[in-house]
Ligand SMILES: [Zn+2]
């Protein structure tokens, strides 16, 4: 993928192109910014631009070098990511895993010899997740970068990186994409209907990959079901509400569900305040009107109860998911009033 196929990040891409043109590419970069907004794509395009044989400062996307980088088989480009277990035990990519010493040894062996042409490029995804021994070994490589090599650290939690690592990198801060860019991508490239595309773009928080996940997982529909079930509970339905809470607590997408519920209450507050054009769940606007609540304080306290539940089950608290969801669903469904 070349720079010109990437959505957004014009400023960062312009800076990288300028560095290539000037022939003064630093040895190490830190690409920092939220997950799913395109940092890895830019890193891949940069690796391709540094190795593509055709002139023009970017990657042509057509030559053998570009194709090999895209396919992950170019000898100059190595990508490292956190693994659930060591390489020799069949470790697989895992966002909550760790980068291990044997991976860094492989990096070092690739960097040992200068590239015959182009540049050796190491892309480290999840660069905030090094095991201590791996971090030490990697720091040595950063301190004495082999000639003609470029190391790109990619992280959504740059505050977790060692200061000694950060200080050796040229830092680029990537920002979430504008909502309009995500919306246009969904409509033009994915054929999503405008009302739904608007809702997903708002919920995605500027992340194309999150937006794509939402679309693929049938998330729009799941989200409507959550609201319908929640709103159907009355003060006498505590047992059923508790069952629903248990069900929710076991879902893989509990985080997303809580984020969505927050956005749903936020929308209702916004409607209450007379600004319906600001709602995120544009495809559910009618449902919001049908369920108009006159109690502003109740809407606000519900919103904060969801945020509290989200924090309670997340690190570092790791609270009991089922108990947390039971308390939340009872509150939201009004069954507590019994
Ligand atoms: Zn090329």
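Numbers for the structure displayed
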| item | result |
| --- | --- |
| GNM flexibility winner over the chain from 113, 214, 265 (Cα, springs under 10 Å) | 113 |
| All-pairs Cα distance distribution in the chain, expressed in whole percent, bin size 10 Å | 5, 21, 27, 21, 15, 8, 2, 0 |
| Globularity ratio of the range 1-149, using Cα Rg and 2.2 N^0.38 Å | 1.03 |
| Percent antiparallel among DSSP beta bridges (both partners in the chain, rounded to 5) | 10 percent |
| Extension gain from residue 89 to residue 300, taking 0.36 nm per residue of separation minus the Cα-Cα distance | 71.0 nm |
| Fully extended contour minus Cα-Cα distance, from residue 167 to residue 108, at 0.36 nm per residue | 19.2 nm |
| Nearest-ten-degree value, helix 194-203 long axis tilted from longest Cα axis of the chain | 80 degrees |
| Shape category assigned to the range 119-163 from the gyration tensor of Cα positions, a/c cut at 1.5 | oblate |
| Helix 39-51 vs. the chain, principal-axis angle (Cα, 0 to 90°, nearest 10) | 20 degrees |
| Relative contact order, percent, the range 272-338 [alpha-carbon distance under 8 Å, six or more residues apart] | 22 percent |
| Relative contact order (%) - criterion: Cα under 8 Å, at least six apart; region: the range 33-108 | 17 percent |
| Spin-label pair residue 327/residue 229, simplified geometry with 7 Å Cα→Cβ offset, distance in nm | 2.1 nm |
| Order of 301, 73, 204, 149 - criterion: other Cβ atoms within 10 Å of each residue's Cβ, fewest first | 73, 301, 149, 204 |
| Average Cα contact separation per residue, the chain, under 8 Å, 6 or more apart, as relative contact order % | 16 percent |
| The range 187-298: C-alpha gyration tensor shape, a/c 1.5 cut-off, then a/b vs b/c | oblate |
| Residues residue 308 and residue 17, FRET efficiency given R0 of 41 Å [Cβ-Cβ distance, rounded to 0.05] | 0.35 |
| Ranked by how many other beta carbons lie within 10 Å on average, peptides 75-81, 62-68 from highest | 75-81, 62-68 |
| Crossing angle, helix 179-190 versus the chain [Cα axis fit, 0-90 degrees, rounded to tens] | 80 degrees |
| Viscosity 1.567 mPa s, 4 °C: Kirkwood-radius Stokes-Einstein D of the range 244-338 over Cα pairs, µm²/s | 93 µm²/s |
| Cα-based shape type of the range 71-181, given that a ≥ b ≥ c are square roots of the gyration tensor eigenvalues and the cut on a/c is 1.5 | rounded |
| Extension gain, residue 53 back to residue 285 (0.36 nm per residue minus Cα-Cα distance, nm) | 78.3 nm |
| Exposure proxy order (Cβ contacts within 10 Å, fewest to most) of 12, 143 | 143, 12 |
| Order of 258, 177 under a 10 Å beta carbon neighbour criterion, fewest first | 258, 177 |
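None of the figures in this text is laboratory data; all of them are computed from the coordinates on show. These numbers come from a predicted model, not from an experiment. Here the Cβ is made from the backbone with ideal geometry for all residues, glycine too, and neighbour counts use every protein chain on show.
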